[in-house]
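> Here it is: the structure, laid out below.
The values are calculated or read from the model by the stated rules, or taken from the named source; none is laboratory data. From a predicted model like this one, the values you see are computed outputs, not experimental measurements. Please note: Cβ atoms are built from the backbone with ideal geometry, for glycine as well, and neighbour counts cover all protein chains shown.
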Amino acid sequence: MSSSAHGPSETSSVGRPSRLLTQNREMRAIGVHNWSLPAWAGRLPDGRTYNTCPSAGICRHVCYARHGTYTWPAVRAKHESNLRFVLDDLAGWEQAMLTELAAPKFRGNWVRIHDSGDFFSSPYLESWLRIMRARPDTNFYAYTKEIRRFKTVVEPDPPENFLWVYSYGGTQDAVLDPAVDRVADVFPDEDAIAEAGWSSQEASDLLAVLGPHLVGVPANNIPHFLKKLAGRRFSGWQAEVDAHRRTRGDTAVRPITSAPSARRRVGPESTEHAA
Ligand code: SF4
């Protein structure tokens, strides 16, 4: 949920990334490694289209991972090769991740799943759950907007070494209950987080899963993104969009008496005419 730069692309001769987990400056400072996919929707060089964030809502309009260093060709190529590996050979990817995580440097440390992207399918999520269970000495965490998928697949029996936070700004926001769920919301700035009585994760991204359960994320300082945010929180912006969609849906449903099929049922003495 915060912007960051990635290391250079490292790809094997068969087009598979030789190193799956990376570390940027911000994450190195807190001992966290990242796994990243390309953010949201796009097209791979071979022509296949993808959507790695199927429940993204308004967040996609101000997605930090579709801006700046994330758009650099080497960074984009690394994320795309990660995704291709998952799509083309999920079992092989799972084994490669397990092999990489066997290195001593991961023991007692943290992996953030998805610096960008999300758990876009249940088989992919289940693959991660198997990886976590097989590497109990490493801790994993994630932000996610795949709320229904998590409530079905993860919540009944989560791995002990996995923590997650549901993030607002997606199409499933209405499912969230901040009285029960750990939730993250993007705010215009730190003052807005404090005024709302939420806790900022700015000092360390790990606070998103280790701190109080109402997690405030200050918006990235990207002028055209801040303009779109217009002083709102992600949750408020998404609620506006959801309400607008509901209203549009309601007015789109015409009363039965004015629908063409009802008019056609009117008897021959009627003065109504088909348009
Ligand atoms: S879910 Fe995250 S990575 Fe995906 S579009 Fe939204 S902000 Fe970007």
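> Does at least one position in segment 197-216 carry a residue that is out of contact with any His (no Cβ under 7 Å at 6 or more places or on another chain), within 14 Å of the ligand (Cβ to nearest atom) and among the hydrophobic types (A, V, I, L, M, F, W, C)?
yes
> Continuing with this model, one more query. Can you name every residue in segment 97-111 that is in contact with a Ser or Thr (Cβ under 9 Å, 6 or more places away or on another chain) and outside any loop (DSSP other than H, G, I, E, B)?
Met97, Leu101, Phe106, Trp110, Val111
> Take the residues in segment 131-178 that are touching a strand residue (DSSP E or B) at 6+ places or on another chain (Cβ under 9 Å) and of a type in the set (Ser, Thr, Tyr); name whichever of them is farthest from Val111 (Cα to Cα).
Thr171
> A further question on this structure: Among the residues of segment 225-235, how many are assigned to a helix (DSSP H, G or I) and either touching a helix residue (DSSP H, G or I) at 6+ places or on another chain (Cβ under 7 Å) or under 14 Å from Ser167 (Cβ atoms) (or both)?
The qualifying residues number 5.
> Then there's this: Residues of segment 158-196 being crowded, with 22+ Cβ neighbours inside 10 Å and either polar (S, T, N, Q) or more than 20 Å from Ala56 (Cβ to Cβ) (or both), which ones?
Passing the criteria: Ser167, Ile193.
> Something else about it: It is to be established whether one or more residues within segment 142-157 are under 22 Å from Arg25 (Cα atoms), at pLDDT 95 or above and within 16 Å of the ligand (Cβ to nearest atom).
Yes, the conditions are met somewhere in segment 142-157.
Conditions (1) outside any strand (DSSP E or B); (2) touching an Asp or Glu at 6+ places or on another chain (Cβ under 9 Å); (3) within 14 Å of the ligand (Cβ to nearest atom); (4) hydroxyl-bearing (Ser, Thr, Tyr), marked per residue:
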position: Pro38; (1), (2), (3), (4): yes, yes, yes, no
position: Asp46; (1), (2), (3), (4): yes, no, no, no
position: His61; (1), (2), (3), (4): yes, no, yes, no
position: Ala65; (1), (2), (3), (4): yes, yes, yes, no
position: Ala74; (1), (2), (3), (4): yes, no, no, no
position: Asn82; (1), (2), (3), (4): yes, no, yes, no
position: Ala91; (1), (2), (3), (4): yes, no, no, no
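> Please enumerate the residues belonging to segment 161-196 that are more than 14 Å from Ala219 (Cα to Cα) and within 16 Å of the ligand (Cβ to nearest atom).
Trp164, Val165, Tyr166, Gly170, Thr171, Gln172, Asp173, Val175, Leu176, Val183
> Further question: Look at Ala243 and say whether it is surrounded by 22 or more Cβ atoms within 10 Å (Cβ to Cβ) and part of a helix (DSSP H, G or I).
No, not satisfied.
> Among the residues of segment 117-161, what is the count of those that are under 16 Å from Asn34 (Cβ atoms), part of a loop (DSSP other than H, G, I, E, B) and in contact (Cβ under 8 Å) with a residue 60 or more places away in the chain?
The total comes to 2.
> Return the residues of segment 24-50 that are among the polar types (S, T, N, Q) and farther than 20 Å from Arg112 by Cα; say none if nothing qualifies.
Correct list: Thr49 only.
> Which condition number does Ser12 fail, the rest of (1) exposed (fewer than 15 other Cβ atoms within 10 Å of the Cβ); (2) hydroxyl-bearing (Ser, Thr, Tyr); (3) at pLDDT 90 or above being met?
Evaluating Ser12 over (1) exposed (fewer than 15 other Cβ atoms within 10 Å of the Cβ); (2) hydroxyl-bearing (Ser, Thr, Tyr); (3) at pLDDT 90 or above leaves (3) as the failure.
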